[in-house]
Structure formats: structure tokens, C-alpha cells
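The values are calculated or read from the model by the stated rules, or taken from the named source; none is laboratory data. Predicted model, so just to flag it, every value in this text is computed and none were measured. All Cβ positions, even for glycine, are placed from backbone atoms using ideal geometry, and neighbour counts span all protein chains on display.
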Amino acid sequence: MRQDVQPITGPLTLDEALARALKYNLDRRAKMMEEALALNQLDVSHFDMLPKLMAQAGYATRNNDKISESRDALTGQPSSSRFISQDRSHNMAELGFTWNLLDYVLGYYGTHQQANRVLIASEKRRKAMHVLMQDVRTAYWRATSAQKLRGEIEKAVALAEEALTDSRKAEAERLRNPLDALRYQRQLMENLRLLEAIDQELSSAQVELSSLINAPLGQVIELAETDAKNVDATALNIPMQAMEDAALAQNADLREQHYNTRVAREETRKTMVRLFPNVSFSYGLKYDSDNYLVNRNWNEAGLQLSYNLVNVLTGPTQLKLAEAGVKLADQRRMATQMAVLTQVHLARLQLQNARNQFERADAIYNTDVKIADIVRNREAAQAQSKLDSVSNSTSAILSLLRRYQALAQVQAAESRLLANLGLDPKIGSSGELSLAELTEEVKRNGNPWTALQSPKALHPKTAP
């Protein structure tokens, strides 16, 4: 599973995580192998159009002579003579060439169908790539928030445990009102429960990221410090018309339905071809070691015309079935087209909402940080209780968590919109490029929206 996978030697950036997923992810490898298998099947399907060249050899024997009689054509009386016309044992050999017109035409259309299946496998690989990059971005930011908050959570938990111990000691010594002490302890334990819930929520982020980039599951991955302040807003400046045109031309699901429609139409042509008479031509070189043959070597040629009379009855039904398949494929394509346009509008709306949530979460986090600093200073001056300090630290941690969660939602919404539009990163083959080269390619394609900002993007080519 990890053959030729380079180990992680330093802090992992988002670009390198995406590159590792594109190069090493096991599901992506499977999709690439499916595409390669479909391409090999296309190469094999070309052979179906070739004629057949058969070589045969055999041996025949019997326990008695092959004796034949004859009858006089005028009198009808049997002849008194009997004739041996074949050796008891003899060898046979044949080299025959056969060409069938029906097989050739069916192979021709079958090759076209297989070529479209190769394109379908390619679209499935593209779709899997979009989903993979979306999952990597979400897992990366969850892991980043876990790494960022781990130390803060430990400090807040330690402070809360210390305050809880002091409160229980004061309660036992009757230094405070028991009811006030219990309320104080409950608030501390509530903060501890919240901190533990945050820690549990983020504990799986490293495992998810390791699985996506095919890294050892037990390895602790150090993530690079990333500036999460500037979230690119280019996507929201793209006209909706340009997004719709791009989606109709490049969306993987829609292109797959186009190719399925092609396959259905080729199946209709194959059905029509089967209704025509079949013409076959044969030519062979033959040899027989039978001593009773005057010519042991001879050439034989034949031309045959055949027609299945049952097709007269079943032909119309077969054509209706094939045409129904084409109509079904067209209906699925139109339904997918409508679904894609709907997804584009929803994805853009979700991106806009996610950006608004991130901006709000960022503002709340900055405010909580200022409050926590003021409370910490007042606690140092013994003007604030530990409960207030724990509560405000917990609020600041929760705000930072929500900020990272909102950022992950922005990344996920943008990736979802990219997938709906069918915008692929312009990178070379992940198998041929090294990890460093692939990381650099991903970094250079950090803003895929520039492809829709050019005038050509307003009038893209239609899907083939």
C-alpha cells in the first residue's frame, strides 16, 4: 500500500497534502487503474474487426475399411463390385481464412462503444479527484485546528482542574457557602466537559488526514503554520452565466451521461445491423494424407449469404427496445443537466454563506481573545477569579475552533463548486511527476478561478 510513498520529513503544507493525496491515495489509484483497464479493453476491441485465420490439424482412424457400393442408373441393379474409397487411418491439415461482414460491422460499432466507456472511466476519475481534494482540504483544516488548540486546551484543563481542587478544599474546610461552592464547581465541570468534547471532536482529524494521503496511521503529522486570515473571494465575483456555461461543458456527471447516450445510440445501430443479411467469405489451404485421393493438396474458396428469418418477426421489437434505451439515456442526460445547474446555484450560495459565517466567527474570535487577555491580566492582579479565567479561556478556544470550522466549510464549499463546474487543476501526470514537482504544480494552480475570468470562459466549447 505504501510502496514508493515518500515519508513526511517536515511540516506538512496544504499544497503538499493535496499533492500526496493525488499521488498516493489508494482510491485514486484504483480509479486510474479502472481507466487504464478500459483503455486496454479498447485496444483489444479493435481486433474484433479483423478476419479469422484458423489453422487446424487432425487424425482420423476406423476399425474397418470404408467400402461403398454403386447401382446402375438405367437398370437399377446393384453393381457386383465394391470399392474402398478411404484409408483406415489418415492425417488432415487446414489453413483457413474467413471474413464475416456482420462481425466486422458489429466490431466497428463495439469499438466506438468501448471508446466512450474509456471516456466514462476518465470522467469517473475526475469526479473522484474532486471529491478527494475536497476531503483533504476539510481534514487538513480540522487537523490544523486540533494542532493549534491542543496546547490551549491542555492549559485550560489544567487551570480548571486546579480551580476545582481549590474549590473542593474550600468546601471541605467550610470557608465558603456550600451552595456557592457547588455552583462554582458545576460551572468549572461544565467548562471541563466542553473542553473534553472539543478535544474528542478533533482527535480523529489526524487519522482522517493520514488515510487520505496514505501516510502511516500511527504517525503524528506536524502541520505547517498557515495564514487563515485571507480567504479568496474571487469565486463570488464570477458571473453566474459563466459558471453555468462552464458546468454544462465540463461537469463530470453531465459528460458521463453524454457518453452513455453515445453508447445507447451505437447499440441501436448494432441492433439494426443484425437485421440485415450476413455475407461471409472463406478461403482455405487443405491437405489429406488419404492414399485414395488423387489430389491430396487443394485450395477451397466459398461465398455464403445467410439471413435469419426470425428477424422479420422480432426486428421491430428489437428496434423499439434499442430506441427506448436511447430515449432513456437522453432523459437521464437532461435530468442530470438540470441537477447540475441546480447544484451550481446551491454551491455558490453555500460558498457565500460559508464566507459570511467565517467572517462572523473571525470577529467573535478576535473579541474573545481580547476578553481573555483582559481577564488574564486581572487574574494576575488578583482581581478576577479562576472561574472567570477558565470560562473566558474556554470561550476563546471554542471561538477559535468555530473559526477553523468555518474556514473548513469555506474550503469545502469552494471545492464543491469547483467540482460542479468541472474545473480541474492544470497539473501533469501524478505518476510521472515527482512529489516535489507535483506539489509545485498544485501551488501554481492555487486559484483555479482565473480560468473563468477570461473572455473565452463566457463562451466555452460544448461537451463532445
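Taking the range 195-222, which residues are crowded, with 18+ Cβ neighbours inside 10 Å and modelled with pLDDT of 80 or more?
Ala205, Gln206, Leu209, Ser210, Leu212, Ile213, Asn214, Ala215, Ile221 - these are the residues of the range 195-222 that are crowded, with 18+ Cβ neighbours inside 10 Å and modelled with pLDDT of 80 or more.
Every residue in the range 46-60 that is under 30 Å from Asn116 (Cβ atoms) and either part of a strand (DSSP E or B) or β-branched (Val, Ile, Thr) (or both), please.
Lys52, Leu53
Looking for something of a type outside the set (Val, Ile, Thr), assigned to a strand (DSSP E or B) and surrounded by fewer than 17 Cβ atoms within 10 Å (Cβ to Cβ) - is there at least one such residue anywhere in the range 288-298?
Scanning the range 288-298 turns up at least one residue that is of a type outside the set (Val, Ile, Thr), assigned to a strand (DSSP E or B) and surrounded by fewer than 17 Cβ atoms within 10 Å (Cβ to Cβ).
Taking the range 61-79 as the search range and keeping residues that are of a type in the set (Asp, Glu) and in contact with a Ser or Thr (Cβ under 8 Å, 6 or more places away or on another chain), which one is farthest from Gln114 (Cα to Cα)?
Of the range 61-79, the ones of a type in the set (Asp, Glu) are 65, 69, 72.
Subsequent filtering for residues that are in contact with a Ser or Thr (Cβ under 8 Å, 6 or more places away or on another chain) retains 69, 72.
Details: Glu69: 58, Asp72: 63 Å.
So the residue we want is Asp72.
Just for the range 93-138: of the residues that are acidic (Asp, Glu) and assigned to a helix (DSSP H, G or I), which one is nearest to Gln206 (Cα to Cα)? Write out each step before concluding.
As a first pass, look at the range 93-138 and keep what is acidic (Asp, Glu): 94, 103, 123, 135.
Remaining after also requiring assigned to a helix (DSSP H, G or I): 103, 123, 135.
Working: Asp103: 56, Glu123: 30, Asp135: 13 Å.
Among them, the one singled out is Asp135.
Name the residues in the range 6-40 that are loosely packed, with under 14 Cβ neighbours inside 10 Å and over 30 Å from Thr144 (Cβ atoms), would you?
Once the filter is applied, which keeps residues that are loosely packed, with under 14 Cβ neighbours inside 10 Å and over 30 Å from Thr144 (Cβ atoms), the range 6-40 yields Met33, Ala36, Leu37, Asn40.
Considering only residues that are farther than 10 Å from Leu22 by Cβ and charged (D, E, K, R), which ones fall in the range 429-448?
Within the range 429-448, Glu432, Glu437, Glu440, Lys443, Arg444 qualify.
For the range 326-346, indicate whether the set of residues that are more than 21 Å from Arg255 (Cα to Cα), within 29 Å of the chain's Cα centre (by Cα) and in a helix (DSSP H, G or I) is non-empty.
no
Name the residue, out of Val273, Val279, Val263, that is touching a His at 6+ places or on another chain (Cβ under 9 Å) and either at positive phi or in contact (Cβ under 8 Å) with a residue 40 or more places away in the chain (or both).
So the residue among Val273, Val279, Val263 that is touching a His at 6+ places or on another chain (Cβ under 9 Å) and either at positive phi or in contact (Cβ under 8 Å) with a residue 40 or more places away in the chain (or both) is Val263.
Which residue pairs have Cβ atoms under 8 Å apart, sit 6 or more places apart or on different chains, and have a first residue in the range 64-84 that is in contact (Cβ under 8 Å) with a residue 40 or more places away in the chain and a second that is surrounded by 11 or more Cβ atoms within 10 Å (Cβ to Cβ) and not small (Gly, Ala, Ser)?
Ile84/Asp65; Ile84/Lys66; Ile84/Tyr292
Do we find a residue being surrounded by 18 or more Cβ atoms within 10 Å (Cβ to Cβ), free of Cβ contacts under 8 Å to residues at least 40 places away in the same chain and either within 23 Å of the chain's Cα centre (by Cα) or more than 26 Å from Met33 (Cα to Cα) (or both) anywhere in the range 131-153?
Checked the range 131-153: no residue is surrounded by 18 or more Cβ atoms within 10 Å (Cβ to Cβ), free of Cβ contacts under 8 Å to residues at least 40 places away in the same chain and either within 23 Å of the chain's Cα centre (by Cα) or more than 26 Å from Met33 (Cα to Cα) (or both).
Of everything in the range 61-87 that's part of a strand (DSSP E or B) and within 30 Å of Ser282 (Cα to Cα), which residue is nearest to the chain's Cα centre (by Cα)?
Thr61
Only one residue in Arg20, Arg28, Arg2 is part of a helix (DSSP H, G or I), modelled with pLDDT under 80 and among the charged types (D, E, K, R). Which one?
Step by step, each of Arg20, Arg28, Arg2 is checked, and only Arg28 is part of a helix (DSSP H, G or I), modelled with pLDDT under 80 and among the charged types (D, E, K, R).
In this structure, does Ser429 turn out to be modelled with pLDDT under 70, surrounded by fewer than 21 Cβ atoms within 10 Å (Cβ to Cβ) and over 25 Å from Arg193 (Cβ atoms)?
Spelling it out, it is not the case that Ser429 is modelled with pLDDT under 70, surrounded by fewer than 21 Cβ atoms within 10 Å (Cβ to Cβ) and over 25 Å from Arg193 (Cβ atoms).
Mind telling me which of the residues Ala324, Ala252 ends up being of a type in the set (Gly, Ala, Ser), in contact with a Lys or Arg (Cβ under 8 Å, 6 or more places away or on another chain) and over 30 Å from Ala93 (Cα atoms)?
Only one candidate qualifies: Ala252.
Kindly indicate whether any position in the range 129-138 is at pLDDT 85 or above and within 30 Å of Asn291 (Cα to Cα).
Among the residues of the range 129-138, not one is at pLDDT 85 or above and within 30 Å of Asn291 (Cα to Cα), which makes the answer no.
Quick check on Tyr365: is it assigned to a strand (DSSP E or B) and among the aromatic types (Phe, Trp, Tyr)?
For Tyr365, the condition - assigned to a strand (DSSP E or B) and among the aromatic types (Phe, Trp, Tyr) - is not met.
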